[in-house]
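Written out below as structure tokens is the structure these notes cover.
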């Protein structure tokens, strides 16, 4: 599987993402944000970080980068897109996923493990998980509070577009397990077509036991699996 | 013609503003107990040049689609002609 990891000025998970894409998915290339074309690839990965220093709004300026036109075209062709943390913020600002990521309700930058409940195991990103699995994966963000207006939220729920929810260790999606004030405990959503996933937690930082958790490993195994199936 | 634009971006009224709430709480602690409704936003200044109608349309477009995110923010803006002094 070939992955294009997009680098924006201020990306800081680009090399972690490249490492995982190269070693777990097979082949990866770094692509600078000002490029106007993508290499031939199966997956575009928008990594975490602080693109453009989070000026204006998180992800807002990166969403205007020349490469994002190509990322949109890749998604429209059915190509896979994964946005993690700042990558999720960029996807919402680019209009590729609904909603917005707002300042954490605690006003604190949060950098710790959270528990996530897997809501769907029928996506290209989660097909080796089982719905209801509870994962332990780190978050590292200041603007991770998911917001969408009531109609959008209702539509997302009706269409089963929430893939990951913050939960307690036992998998209860309640305020106690919600680190940042996200509506409906939303940690990650997918587009209607099922090829664009955005999530605030960092599965790439939980791919080896040495890192403290390997609960994110299956997300990448799922991607390989989805490619083998299609 | 040259114009100066002033753009104000605030969180939508329906959205809780944790920053505003914290400031309000601490204003109360500092003795300003009658203060309510603290909301924190952004103020952006920029200059534009061209025909008034074109400039107005351009300002509207950038204010509503780039300088603010309509999902979570409200925006208002004002345009002023800049008098050129020699």
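Here, each number is a calculation from the coordinates, and none is a lab measurement. Small disclaimer: the values here were computed from a predicted structure and weren't measured. Don't worry about glycine lacking a Cβ; one is built from the backbone with ideal geometry, like all the others, and counts go over all protein chains shown.
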Those residues of segment B:37-54 whose amide nitrogen sits under 15 Å from the label point placed on residue B:78, 7 Å along Cα→Cβ: B:43-46
Separation between Cα centres of segment A:131-172 and segment A:1-29, rounded to whole Å: 24
Hull volume in cubic angstrom per residue (convex hull over the Cα atoms of segment A:2-229): 109
Relative exposure of A:69, A:120, judged by other C-beta atoms within 10 Å (fewest first): A:69, A:120
Simple spin-label estimate for residue A:131 and residue B:33 in nanometres, 7 Å along Cα-Cβ: 5.4
Selected from A:210, A:110, A:156 as most flexible by GNM, with chain A as the system and alpha-carbon contacts under 10 Å: A:210
Range of Cα positions in segment A:44-105 per principal axis (Å), largest first: 36, 21, 17
Those residues of segment A:123-138 whose amide nitrogen sits under 18 Å from the label point placed on residue A:228, 7 Å along Cα→Cβ: A:123-130
Helix axis angle, B:18-29 relative to chain B longest principal axis, alpha carbon, degrees: 50
Taking A:90, A:6 and counting other C-beta atoms within 10 Å, the order from fewest to most: A:6, A:90
Full-extension gain in nm, residue A:152 to residue A:19, via 0.36 nm per residue minus C-alpha separation: 44.3 nm
Average Cα contact separation per residue, chain A, under 8 Å, 6 or more apart, as relative contact order %: 19
Förster radius 22 Å - calculated FRET efficiency between residue A:73 and residue B:65, Cβ distance, rounded to 0.05: 0.65
Column: log10 I(q)/I(0), Debye, Cα scatterers of chain B, q = 0.11, 0.12, 0.21 Å⁻¹: -0.44, -0.50, -0.93
Principal semi-axes in Å for segment A:79-205 [√(5λ), Cα gyration tensor, largest first]: 19, 17, 14
Considering only segment A:1-97, percent of DSSP beta bridges that pair antiparallel, nearest 5: 5
Antiparallel DSSP beta bridges within chain A, percent to nearest 5: 60
Sequence of A:111, A:41, A:13 once ranked by neighbouring C-beta atoms within 10 Å, starting from the fewest: A:111, A:41, A:13
